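Derivation of every value follows stated rules applied to the coordinates shown; laboratory data play no part. Everything quoted here is computed from the prediction, not taken from an experiment. All Cβ positions, glycine included, derive from the backbone under ideal geometry; neighbour counts span all protein chains shown.
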Amino acid sequence: MQESLLIPKIEKTSEKNFPLFGELANLEHEQIVFCSRPEAGLKAIIAIHNTTLGPALGGTRMWNYKSEADAVKDVLRLSRGMTYKAAISGLNLGGGKAVIIGDPQTDKNEQLFRAFGRFVDGLAGRYITAEDVGMTEKEMEWIFAETKYVTGIPKSLGGSGNPSPVTAYGVYMGIKAAAKQAFGSDSLNGRRIAIQGAGSVASHLARHLKSEHAELFISDIFSEKAERLAAEVGASVVTADEIYTLNVDIFSPCALGGVVNDDTIHHLNCHIIAGGANNILDDEKKHGELLREIGILYAPDYVINAGGIINIASEMEGYNEQQALEKTSRIYDTTIEIFKFAEENGVTTNVASNILAERRIAGVGRLGTIYSSKSHFSKRMGEMYLRDRA
Ligand SMILES: NC(=O)c1ccc[n+]([C@@H]2O[C@H](COP(=O)([O-])OP(=O)(O)OC[C@H]3O[C@@H](n4cnc5c(N)ncnc54)[C@H](O)[C@@H]3O)[C@@H](O)[C@H]2O)c1
């Protein structure tokens, strides 16, 4: 029989290879939106994980995924992480994330991002987007042309601009809290600190650490970046491999995720791991427990790198840099609280922060059972709705 030209042939994928609803149920997502606009080359997925605390906020990542299944897995994992990050940071926001499947070097065009902006707009504020890996201010402006549900927009458009300096400030606060816990003092004077990566977050972090006279070691896969930053802050440059084995007080991964893994964990020669990178532990459970066993204190990444989201959340209420920094400085107390909880309950620090985040979501979620004048509207977006109509 001749194949129909109107009915596209659908490749059969076994559920075993692509257990989408299994993943959704496991990670407890609320909604996944697949956005398609073939003539613009748009293939995007928006994942809304949890909106108990407020609208789902999380950046849009553009990446050349090896497969569509990889893109789905990434957006599910990242959006869930945003729920925990917002919750532990005391924000009235839920967790969401979007991925655009494509090569950020070659596949960008105005139509694609404006089409994506329309899909975001169609969610009517359930999802608010921002910049993430593979995106620049230019694409954010295209998205912003189609929807107001964008934050972290350029300063020239009235936004808060690049969040990296605030992220770095939060990481610095988290490092100090970890030093207090491990050494009894949060002074970093003379502490040996290894920073992996010499990018935006790492550079701002290195300046804070320098101001406290820490002894710094820096690596980057682009050695010229490491050398430039090292020259500025008086650090030593080490190779990308050496950074794992250095005898230091603190290892601060500020490049990519998954760097504490089966290959690296037994080479680590530090007392604390506290960095800006997302998903530092390759396997949260396994490597979290191993770190505890070998006596390395781990400051959970999503807790101490939350300055960026705190900054862009502040933009939604009328940006105030001082307020954003003040809120970010509370990362110190939150991190200490997590360490204490972990100690008292005999759990790893990453499990402790998950439990505290879940408690806040459950506790605030239960408030919905009390009638208030705003109860007709869904929490924060209700307020936005009223404000927009005023
Ligand atoms: N920018 C933010 O506000 C923010 C917020 C939260 C989390 N983060 C996370 O922090 C990390 C750094 O973000 P950024 O904005 O500074 O990115 P960036 O791209 O400016 O810097 C990353 C740097 O890491 C280097 N690098 C990559 N692999 C490396 C390796 N194996 N060894 C050494 N260096 C390596 C890159 O060359 C680059 O210089 C990322 O994991 C990001 O997801 C960033």
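Rounded to the nearest 0.05, what FRET efficiency do GLU293 and ALA124 give with R0 = 51 Å and r taken as the Cβ-Cβ distance? Could you check? Efficiency, from the Cβ-Cβ distance: 0.60.
Rounded to whole numbers, the Karplus 3J(HN,Hα) couplings from phi for the range 65-76 are 5, 5, 8, 5, 4, 5, 5, 4, 4, 5, 5, 5 Hz, using 6.51 cos²θ - 1.76 cosθ + 1.60 with θ = phi - 60°, and x at Gly and Pro. Within the listed set TYR319, TYR371, TYR244, the Gaussian network model of the chain (springs between alpha-carbon atoms below 10 Å) gives the highest mean-square fluctuation for TYR371.
Dividing the mean sequence gap of close Cα pairs (under 8 Å, 6+ apart) by how many residues the range 26-100 holds gives a relative contact order of 39 percent. Distant-in-sequence amide contacts of GLN31, defined by a placed amide H-H separation under 5 Å and a gap of 5 or more residues or a different chain, comprise ILE48.
In this simple spin-label model, placing a label point 7 Å from the Cα along the Cα-to-Cβ direction at both LEU20 and LYS138 gives a separation of 3.2 nm.
Placing +1 on the Cβ of every Lys and Arg and -1 on the Cβ of every Asp and Glu, with no other charges, gives the range 125-230 a dipole of roughly 400 debye about its Cα centre. For the range 166-247, the C-alpha radius of gyration sits at 1.03 times the compact-globule guess of 2.2 N^0.38 Å, with N the residue count. Separation of the range 181-199 from the range 49-63 is 31 Å, based on Cα centroids.
For the range 164-353, the fraction of C-alpha pairs farther apart than 27 angstrom is 22 percent. Of the residues GLY190, GLY276, GLY81, the one that moves most in a GNM of the chain with alpha-carbon contacts below 10 Å is GLY190. Rounded to the nearest 20, the Cβ-based charge dipole of the chain about its Cα centre (Lys and Arg +1, Asp and Glu -1) stands at 1140 debye. Under a model in which nothing but the beta-carbon of Lys, Arg (+1) and Asp, Glu (-1) is charged, the range 164-353 shows a dipole of about 380 debye around its Cα centre.
Scalar couplings 3J(HN,Hα) for the range 295-304, obtained by applying the Karplus form with A = 6.51, B = -1.76, C = 1.60 to θ = phi - 60°, are x, 9, 7, 10, 8, x, 4, 6, 6, 8 Hz; x denotes Gly and Pro.
Our estimate of slack between GLN323 and GLU337, defined as 0.36 nm per intervening residue step minus the Cα-Cα distance, is 2.9 nm.
What is the list of residues in the range 33-69 whose amide nitrogen lies under 20 Å from a point 7 angstrom out from the Cα of LYS148, following Cα to Cβ? 54-58, by backbone N distance to the label point.
For the range 101-199, the residue among ASN162, GLN111, MET135 whose Cα projects farthest onto the positive side of the dipole built from Cβ charges is ASN162.
The residue list VAL260, VAL347, ILE175 was ranked by how far each Cα lies along the charge dipole of the range 164-353 toward its positive end, using unit charges on Cβ atoms, and ILE175 comes out on top.
Scaled to the globular estimate 2.2 N^0.38 Å, the Cα spread of the chain, given as radius of gyration, is 1.02. When the chain is treated as a GNM with alpha-carbon contacts under 10 Å, the residue of SER79, SER236, SER211 showing the greatest mean-square fluctuation is SER211.
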